[in-house]
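Have a look at the structure below before the remarks.
The values are calculated or read from the model by the stated rules, or taken from the named source; none is laboratory data. Remember, it's a predicted structure, so these values are computed and weren't measured experimentally. Neighbour counts are summed over all protein chains in view; Cβ atoms, including those assigned to glycine, are modelled from backbone coordinates with ideal geometry. The protein model used for the area step is the full one, side chains on, heavy atoms only, and it has no ligands, DNA or RNA in it. Shrake-Rupley method; radii C 1.70, N 1.55, O 1.52, S 1.80 Å.
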Amino acid sequence: MHYLVTGAAGFIGFHTCRRLLADGHRVTGLDNLSDYYPVDLKQARLEMLECDDTFSFRRVDISDTHEVKTLFEETRPDIVVHLAAQAGVRYSVKNPFEYLNSNLAGFLSVIEACRAIRPKHFLFASTSSVYGANTQTPHKEVHRTDHPLSLYAATKKSNEAIAHAYAHLYGIPCSGLRFFTAYGPWGRPDMAYYKFTEAIIRGTPIDLYNDGCMFRDFTYIDDIVDGVTKLAVIPAHCNRIWDSEHPASGTSGVAAFEAYNIGNRQAISLLDFIDVLENIIDKKAVRNTMPMQPGDVHMTSADTSKLESVTGFKPNTDLRAGLSRFVDWYRDYHGV
């Protein structure tokens, strides 16, 4: 099978490509190598992928409609996994137009290219942030996602709406992947677990927003990728029991569209998370309590029963094991 993975040099994209290559697939990777965080890390990931002869890379910005369409028509992948995006809730508060370019124009560029080649399945990165002001937990795909609390979440909600329209209009099976706080080796330096590890090792303060009274469904990267790759070969379908008078979110009776949570099924308090990290590093954190930040939510918690029923997905990495692997990688990569 031939896969095209956008955001191939990113955290989830890199690990997804590695798994697909290990499983014997051919992979074309696309990335613009943006400088949102150090490009050296992205280059190091790419160097590992390029050791495999069945991986090819193209440096393309997804907002370049012509380049994207040309690449898709040249490579004609069987399955497209669209992971390229401008990430970050807090970054979207200060840099909104970055999200317009990548997450909206870029998404449209990619799904338009899919319309031209008609892949067997189009999967795309959404986020747990789409649940926004909806405080029902654990989050289920049928829950309402009408009240995003950040521009980042709003763009991802928009991606789901666009994908549904394209699935309806052009018959492209589309699956939105609502990721819940991915972490692990080769991770993103802007993420809390990466910053906390760096600060504890260096002895500098860590900022605890909402006084640390936050809960996240931390999901180890191997479990994230397991969900993605299992789902990739099961194209979305039209839900025949969908009730148009009481339409449930995350599925459709008029289009081959589905949304799936990919999480660890356990909300962990940020304070407990830091306790585990301190124990692994064998050093106490210097804690700096801060107020709640704009765009943040108090809790994310995934119900993954839908994904499990379709793929057999079950996350199997506990927090201590996952963080231990990350800290080992961090020390090795940074030489500390």
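In degrees between 0 and 90, to the nearest 10, how far off the longest principal axis of the chain does helix 319-334 point, with axes built from Cα atoms?
Relative to the chain, helix 319-334 is tipped by roughly 80 degrees.
Name the trypsin sites (Lys or Arg not before Pro) in the range 236-336 that are in a loop by DSSP and that have at most 12 other C-beta atoms within 10 Å, would you? Could the numbers behind the result be given before it?
Details: sites: R240, R265, K283, K284, R287, K306, R320, R325, R331; in loops: R240, R265, K283, K284.
Answer by residue number: R240, K284.
What's the Cα-based Rg to Rh of the range 84-209, Rh via Kirkwood? Working shown, then result.
Values: Rg = 16.6 Å, Rh = 16.2 Å.
The Rg/Rh ratio comes out at 1.03.
Calculate for the chain the 222 nm mean residue ellipticity that helices alone would give, adding -39,500 (n - 2.57) per DSSP H run of length 4 or more and normalising by residue count, nearest 500 deg cm²/dmol. Could you put the intermediate results ahead of the total?
Working: 12 runs with 133 residues, N = 336.
About -12000 deg cm²/dmol.
For the chain, what is the relative contact order in percent, using Cα pairs closer than 8 Å and at least 6 residues apart in sequence?
18 percent
Step through the residues of the range 8-25 one at a time and calculate ³J(HN,Hα) from phi using the Karplus curve (6.51 cos²θ - 1.76 cosθ + 1.60, θ = phi - 60°), rounding each to whole Hz and writing x for Gly and Pro.
Each residue's phi maps through the Karplus curve to give 5, 8, x, 4, 5, x, 4, 5, 5, 4, 4, 5, 5, 5, 4, 7, x, 8 Hz.
Just to confirm my numbers, what's the Cα centroid distance between the range 321-336 and the range 97-117 in Å?
Between the Cα centres of the range 321-336 and the range 97-117 lies a distance of 35 Å.
In whole angstrom, note down how far apart the Cα centers of the range 250-270 and the range 145-191 are.
Distance between centres, Cα-based: 10 Å.
When you count, for each residue, the other Cβ atoms within 10 Å and take the mean per peptide, how do 255-264, 10-19 rank with the highest first? Could you put the intermediate results ahead of the total?
Values: 255-264: 26.3, 10-19: 24.7.
The packing order, highest mean first, is 255-264, 10-19.
Please report the Cα spread of the range 1-121 along all three principal axes, rounded to whole Å, starting with the longest.
So the three principal-axis extents are 42, 32, 19 Å.
Rg and Dmax of the range 251-336 over Cα atoms: what are they, in angstrom?
Expressed in Å, the Cα Rg and Dmax of the range 251-336 come to 17.7, 55.
Going highest first, how would you order 149-155, 39-45 by mean Cβ packing within 10 Å?
Details: 149-155: 22.6, 39-45: 15.6.
Descending packing order for the listed peptides: 149-155, 39-45.
Going down the list K157/K314; K42/K157; K230/K306; K42/K306; K94/K284; K42/K283, which pairs span over 21 Å between their C-alpha atoms?
Details: K157/K314 25 Å; K42/K157 27 Å; K230/K306 13 Å; K42/K306 33 Å; K94/K284 32 Å; K42/K283 29 Å.
Exceeds cut-off: K157/K314; K42/K157; K42/K306; K94/K284; K42/K283.
Suppose a student asked you for the relative contact order of the range 96-252, using Cα pairs under 8 Å spaced at least 6 residues apart; what percent would you report?
Details: 168 pairs, mean separation 42.7, N = 157.
Normalised by residue count, the contact order of the range 96-252 is 27 percent.
Please work out the average accessible area per residue across the range 13-157, using the 1.4 Å probe convention, and give it in Å².
With all protein chains present, the range 13-157 gives 45 Å² per residue.
Can you give me the orientation-averaged projected area of the convex hull built on the Cα atoms of the range 101-174, in nm²? Working shown, then result.
On the way: hull surface 20.2 nm².
For the range 101-174, averaging the hull's shadow over all directions gives 5.0 nm².
Using the Karplus curve 6.51 cos²θ - 1.76 cosθ + 1.60 with θ = phi - 60°, work out ³J(HN,Hα) for each residue of the range 254-262 in order, rounded to whole Hz, and write x for Gly and Pro.
3J(HN,Hα) across the range 254-262, in whole Hz: 10, 7, 7, 9, 9, 10, 9, 6, 10.
Once phi is turned into ³J(HN,Hα) by the Karplus curve 6.51 cos²θ - 1.76 cosθ + 1.60 with θ = phi - 60°, what whole-Hz value does each residue of the range 305-310 show in order, with x for glycine and proline?
Each residue of the range 305-310 in turn: 4, 5, 5, 5, 5, 8 Hz.
Which whole number of Å³ per residue matches the convex hull of the alpha-carbon atoms in the range 51-131?
Hull volume normalised by residue count: 124 Å³.
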